[in-house]
Amino acid sequence: MTPATRLGPDLAALDTALAGLARLFDAAGYQAVSPPHLFAAELMLDLYGEDIRSRAFLFPGGGGDEVCLRPDFTVPVVLAHGEGGWARPARYAYQGPVFRRQAEGSRRPVEYIQAGVENLGAADPAAAEAEVLALILEGLRAIGASAPKVTTGDLGIVFGLLDALDMPAGRRARLRRHLWRPARFHALVSEAVAGGPPPTSRRTALIAAVAAPDPLARIERLAATEGEILGLREIEDIAERAAALAEAAAEPPMPAAQAELIEAVLAVTGPAAEALLRLRDLTASAGVDLGRQLDAFARRLDAMAARGLDAGAMAFDADFGRNLEYYDGFVFEVTAADPALPLAGGGRYDSMTARLGARPEVPAFGAMIRPEAVLAMRGAG
Amino acid sequence: MAALTLGLPSKGRLMEATIAWFAERGIAIRRSGSGREYAAIAEGVDGLEVVMLAAGEIPRELDRGRIHLGVTGEDLIREKIAGWESRVRIPARMGFGHADLVVAVPAWWVDVETMADLDAACAQFRARHGTALRIGTKYHVLTRAFFRLKGVADYRIVDSQGATEAGPKNQSFEALVDITSSGETLSANHLRVLADGLILQSEACLCLSLAAEWGADATAARGRLGAKLGLALG
């Protein structure tokens, strides 16, 4: 739905909240940054694929190129940072409207204000996460959000688990690639254990061709019997995929215990301190070394406690964040009565910095508050 | 004064089949005046007015509530009306205008049989060619929804309003989403439908606009039309 025009006492309350957040972020050492509302659509299409069109507003900008109304601040802020060189720590604060397409009938707004921060290049990632979470919670308190609910997760744990488990490289790559699509991921795990559907005769012939003396010629003959060889994709492309398919077909089944461990780790929920213990138990009894990720989890809890947060009691859900596109580590969301309209949220997105040009990727953690949701909650409460 | 407006396709086989469908049910529809006139006369139901419209415009007119009822393909309803379930109802599938909306790839792509294969081919295409694999179609909305459902993300839609099946050969795009009735055009162009690439089995539908004004006269005329057609239009 489209937001109402802001005026009168509502506008004054919003301005007061935004000014308060700006002062708070400034005092914490976050430099104000104001990216443009519009940027090249090409960038978003490359990052998110065609589906971004159903979530953001893309339109002709004149001169043939499409432009995108910013759906968030992270991409433009991180790009602006990169232009000045990636290898330096930086703290940025921003505020302003973002624009999101919503499904017909959705109660989510198509335009709303975000006030947030990005913390880039921090030497101690756990400390940066605690710093930002504490800052966001302080900001929420400052603008009147009372007793909100914090949910946390950590996608670094399941990524770390996939790396630590003994499995064929192709299977690992497939599982990593589909981690953000839970249904597909679970189907891949079940298929790895039980075997997929029986191959078609086309697939059987293609896999046999890989082992032939001259696979490329053999695959080209197979292809030519099906139709004229046309288009931009090349026979070498198909030979490369055929080799990967042959490798996948030769993979041993995933041991049931491994699949159970993956599902058990993803199913861990509860207060963070208990979740950490449970994750240590699960991985230790399976003989899997997840020390680095779980130690990072523990350091984060310590860093949060040092900032006065009741970290051990915070809700943790290992599955949380898998629908949030680009996050690859610690994630959190703050909600009040209505879980569909969060008050704040954020997460770690190190790997996205590489997709935006950082070499190597840099530690990146960001979070934002939705002041209008807080004010609406205050009004309703 | 007409109480109930019915929008019908104004030309081609779809128009002929629609007029025949109503004739079989005792409603005679005649084009009024010269062939250029986009009005028609319906006999058999009091208060029913027929307007002839381009088939592609009927979904929009239903969505805006400017006609009470309309005949168009289910593919166009789903493509052109955002949140169509809350905008129109489909009281009758009419048994003609059958067409499948499908995902098709060059037949020689022997490694691509399913949408999951296409997803892998998209990732590989970007890695090897440096750009997103392109899908040619005029069904942008249905394509995006289906690809999302199947977990295919890294592709680009290229708008193609006609002769879509020639696109891969012309290197305008690599694969396509299009309507097919027999599959002959696709195979003649060396294309193959993916095993799980059926997006929609479409046919002509009698649609009812939920956005139109349903006053007492319109509702009464709808009741008379429903009785004649043997359909619950309410």
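Suppose we filter segment B:144-174 for residues that are within 8 Å of chain A (Cβ to nearest Cβ), outside any helix (DSSP H, G or I) and touching a residue at least 12 places away in the same chain (Cβ under 8 Å); how many remain?
Total satisfying the criteria: 9.
Test of understanding: among B:ALA116, B:ALA121, which residue is closer than 30 Å to A:LEU230 by Cβ and modelled with pLDDT under 95?
Criteria check complete, one pass: B:ALA116.
Regarding A:ILE207, is this residue in contact (Cβ under 8 Å) with a residue 40 or more places away in the chain, closer than 30 Å to B:THR131 by Cα and either charged (D, E, K, R) or assigned to a helix (DSSP H, G or I) (or both)?
yes
Can you pull out every residue in segment B:121-143 that is more than 8 Å from chain A (Cβ to nearest Cβ), farther than 14 Å from A:GLU50 by Cα and either not aliphatic (A, V, I, L, M) or not in a helix (DSSP H, G or I) (or both)?
B:GLY130, B:LYS138
Output the number of the condition that A:ASP166 fails; it satisfies all remaining conditions of (1) closer than 19 Å to A:ALA373 by Cβ; (2) outside any helix (DSSP H, G or I); (3) over 21 Å from the mean Cα position of the chain (by Cα).
For A:ASP166, the exception is condition (1).
Identify, by number, the condition in (1) among the hydrophobic types (A, V, I, L, M, F, W, C); (2) more than 19 Å from the chain's Cα centre (by Cα); (3) at pLDDT 95 or above that A:ALA147 doesn't meet.
The one condition A:ALA147 does not meet is (3).
Given the options B:GLU85, B:GLU79, name the one that is without any contact (Cβ under 8 Å) to a residue 60 or more places away in the chain, within 14 Å of chain A (Cβ to nearest Cβ), over 22 Å from A:ARG202 (Cα atoms) and not hydrophobic (A, V, I, L, M, F, W, C).
It is B:GLU85.
Name the residue that is nearest to A:ALA246 (Cα to Cα), counting only residues in segment A:169-184 that are free of Cβ contacts under 8 Å to residues at least 12 places away in the same chain and in a helix (DSSP H, G or I).
Here the residue is A:ALA169.
Go through segment A:3-80 and tell me which strands (runs of 3 or more DSSP E), entirely inside it, have 2 or more residues that are within 14 Å of another protein chain (Cβ to nearest Cβ).
Once the strands (runs of 3 or more DSSP E) in segment A:3-80 are filtered for at least 2 residues that are within 14 Å of another protein chain (Cβ to nearest Cβ), what remains is A:57-60.
Going residue by residue through segment A:150-173, is there one that turns out to be of a type in the set (Asp, Glu) and in contact with a strand residue (DSSP E or B) (Cβ under 9 Å, 6 or more places away or on another chain)?
Yes: segment A:150-173 contains one or more residues that are of a type in the set (Asp, Glu) and in contact with a strand residue (DSSP E or B) (Cβ under 9 Å, 6 or more places away or on another chain).
Does B:LEU200 satisfy the condition of being in contact (Cβ under 8 Å) with a residue 40 or more places away in the chain, over 19 Å from the mean Cα position of the chain (by Cα) and under 24 Å from A:ILE52 (Cα atoms)?
Taking the combined requirement at face value, the residue does not satisfy it.
Considering segment A:177-196 alone, what residues qualify as being surrounded by 15 or more Cβ atoms within 10 Å (Cβ to Cβ) and either of a type in the set (Gly, Ala, Ser) or over 15 Å from A:PRO253 (Cβ atoms) (or both)?
A:ARG177, A:HIS178, A:LEU179, A:TRP180, A:ARG181, A:ARG184, A:PHE185, A:HIS186, A:ALA187, A:ALA192
Just checking, how many residues over segment A:225-260 are more than 9 Å from chain B (Cβ to nearest Cβ), not in a helix (DSSP H, G or I) and not small (Gly, Ala, Ser)?
5
Let me confirm something: among B:ASP63, B:ASP46, which residue is acidic (Asp, Glu) and either within 15 Å of B:GLY97 (Cα to Cα) or not in a helix (DSSP H, G or I) (or both)?
Working: B:ASP63 fails: either within 15 Å of B:GLY97 (Cα to Cα) or not in a helix (DSSP H, G or I) (or both).
Unique residue meeting the criteria: B:ASP46.
The values are calculated or read from the model by the stated rules, or taken from the named source; none is laboratory data. Note that the structure is a prediction, hence the values are computed from the model and not measured. Every residue, glycine as well, gets a Cβ built from its backbone with ideal geometry; the counts of neighbours run over all protein chains shown.
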